[in-house]
1. How many of the residues making up region 78-94 are aliphatic (A, V, I, L, M), under 14 Å from the mean Cα position of the chain (by Cα) and open to solvent by less than 40 Å² (accessible area, probe 1.4 Å)?
2. Can you tell me which residues in region 113-138 are touching a Ser or Thr at 6+ places or on another chain (Cβ under 8 Å) and of a type in the set (A, V, I, L, M)?
3. I need the full set of residues from region 121-134 which are part of a strand (DSSP E or B) and farther than 17 Å from H96 by Cβ, in order please.
4. Give the residues of region 95-115 that are touching a Cys at 6+ places or on another chain (Cβ under 9 Å) and either open to solvent by less than 80 Å² (accessible area, probe 1.4 Å) or at positive phi (or both), sorted by residue number.
5. Do you know which residues across region 87-104 are touching a residue at least 40 places away in the same chain (Cβ under 8 Å) and in a loop (DSSP other than H, G, I, E, B)?
6. Could you say whether any residue in region 116-132 is in contact (Cβ under 8 Å) with a residue 60 or more places away in the chain and open to solvent by 20 Å² or more (accessible area, probe 1.4 Å)?
Amino acid sequence: MSHPPFKLEGLDHVVLLVRDMAEAQRFYEQVLGCTVDRSLAEYGMLQLRAGASLIDLVDIGSREGEWARPEPEGGRNMDHVCIATGPCEEQAMRAHLVHHGVAIVEEGIRYGANGDGMSFYICDPSGNQIELKSPIPN
């Protein structure tokens with residue numbers, strides 16, 4: 001049995017698709033107690049601090065957030081789940097995924113609850129997008 005070359009540390013962030021950013025922001029701030037971590041207006045995105053994690057909201061009703069709009073209306077309201085991992089060498093991560101027949105859909109340095117990190121986007125067998133995010137080595 002092959003073991004991953006990393007240690008799971010928890011959920012880094014979840015990306016939720018919303019239709020009214022102002023309404024969603026009020027809910028997450030006033031009802032749940034989230035605070036704004038940063039705004040990425042060019043993507044129609046607001047990143048909210050939720051304890052040690054982030055909840056990213058993407059306004060799919062806006063021109064900037066249309067990149068995340070599902071093809072069939074009402075098709076989904078979540079883009080992906082990000083799982084934080086411990087430190088992992090890029091090549092070890094690639095080899096592990098190849099060993100299991102898992103394709104890397106997208107990769108790159110992304111910002112999350114723990115700052116910038118190396119991200120690998122993959123899909124589970126049902127097509128759900130998962131981001132595996134490890135810290136950048138010092």
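1. 2
2. Of everything in region 113-138, those that are touching a Ser or Thr at 6+ places or on another chain (Cβ under 8 Å) and of a type in the set (A, V, I, L, M) turn out to be A113, M118, L132.
3. Q129
4. Selection gives H96, V102, A103, R110, G112, A113.
5. Across region 87-104, the qualifying residues are P87, C88, E89, H100.
6. no
The values are calculated or read from the model by the stated rules, or taken from the named source; none is laboratory data. Small disclaimer: the values here were computed from a predicted structure and weren't measured. We place every Cβ from the backbone using ideal geometry, glycine too, and count neighbours over all the protein chains shown. To get the accessible areas, we keep the full protein, side chains included, count just its heavy atoms, and leave off ligands, DNA and RNA. Shrake-Rupley method; radii C 1.70, N 1.55, O 1.52, S 1.80 Å.
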